[in-house]
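A.B. asks: My structure is below; once you've seen it, I'll send some questions.
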Amino acid sequence: MKIKLKWAAVVLVMLFALLQLTSPQRTNPAVKLDMITAANPPPAVAASLRAACYDCHSYETKWPLYARIAPSSWLVVSDVNEGRQHLDLSDWPDDPARAAKKLDRINEVVDYREMPPKKYTLLHPEARLSEEQRKQLLDWADAAAAKFRSSSTNQ
Ligand code: HEC
C-alpha cells in the first residue's frame, strides 16, 4: 500500500511537471503609443488606469506568479490576450475620432461596473476603484472624448 502511494505521488509530480510545458507564452511587446502619454489624464486618473486596467489592456502587464504555472497560466494569458484585442492602451489611436470612441467605451464599461472584472479585483484589491476614483475617471473620459471630437472636426 505504501509503495503504491509513493508511485502515485511520483506520477502526479511528473504529470504536473509535464503540464508546465503547456503553459502559454507571456508577452509584453514594445509600447507603441501609450494612452496616458497621448490623452494626458490628470495624475489621479492615470493612477487608477494603471492600477485597474493596465495589467490586461496594455503591453505593461505585471505577470503574477500564477501566470507562470499551469493550469492557472492558461486563464491569465488568455484574459490578457483577449483584453489587449478589445482595448490596447499601449497602441492608442493617433486619430482623435477613434480615440474619442475608445474613451466612450471605457466610460461605458466603468459606468456599468463591467471593468475591472470582479475576478480580477478579488485577487488585486489595489485595482478596486472607489466611488470617487470612478467618478474622476468617468468625468475625465467624458471631457477628453469631447475634446478629441472637437479637434477631429476642426481639422
Ligand atoms: C483581468 C483583466 C482585465 C482588466 C483588469 C480589465 N479588463 Fe477590460 N476587458 C478584459 C477582457 C478579457 C475584455 C474582453 C471581453 C469582455 O468584454 O469581457 C475586456 C473588455 C473591455 C472593453 C470592451 C472593449 C470593446 O469595446 O469591445 C473595455 C472598454 C474595457 N475592457 C475597459 C477596461 C477598463 C477601463 C479597465 C480598468 C478600469 C479594464 N478594462 C480592466 C479584461 C480586463
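Bear in mind these aren't lab numbers, they're just calculated from the coordinates by the rules spelled out. Owing to the predicted nature of the structure, the values given are computational and were not obtained by experimental measurement. Cβ atoms come from the backbone with ideal geometry, glycine included; neighbour counts cover every protein chain shown.
A.B. asks: Where does the chain land at 222 nm, in deg cm²/dmol rounded to the nearest 500, when only DSSP H runs of n ≥ 4 count, each adding -39500 (n - 2.57), divided by all residues?
C.D. replies: Rounded to the nearest 500, the figure is -19500 deg cm²/dmol.
A.B. asks: Mind checking the dipole of the chain: about its Cα centre, +1 per Lys or Arg Cβ, -1 per Asp or Glu Cβ, Debye to the nearest 20?
C.D. replies: Rounded to the nearest 20 debye, it is 860 debye.
A.B. asks: Continuing with this model, one more query. So which residue, out of LYS102, LYS135, LYS119, gets the largest mean-square fluctuation from a GNM of the chain using Cα contacts under 10 Å as springs?
C.D. replies: LYS119
A.B. asks: Mean separation of Cα pairs under 8 Å and 6+ residues apart, divided by the residue count of the range 25-153: what relative contact order is that in percent?
C.D. replies: Relative contact order here is 32 percent.
A.B. asks: Give me, ordered by chain and number, the residues 5 or more places off LEU33 or on other chains with an amide H under 5 Å from its own placed amide H.
C.D. replies: ASP91, TRP92
A.B. asks: Could you point to the residue in TYR59, PRO125, VAL80 farthest towards the positive end of the range 39-147's charge dipole, with +1 and -1 charges on the Cβ of Lys/Arg and Asp/Glu respectively?
C.D. replies: Checked the options; the winner is PRO125.
A.B. asks: Just flag the chymotrypsin sites (Phe, Trp or Tyr not before Pro) in the range 102-146 sitting in loop per DSSP whose Cβ has no more than 16 other Cβ atoms within 10 Å.
C.D. replies: TYR112
A.B. asks: Rounded to a whole number, what is D in µm²/s for the range 78-117 from Stokes-Einstein with the Kirkwood radius over alpha-carbon pairs (37 °C, 0.692 mPa s)?
C.D. replies: 301
A.B. asks: Here is a follow-up. Rg over Rh of the chain, using C-alpha atoms and the Kirkwood radius, what does it come to?
C.D. replies: Rounded to two decimals, Rg over Rh is 1.15.
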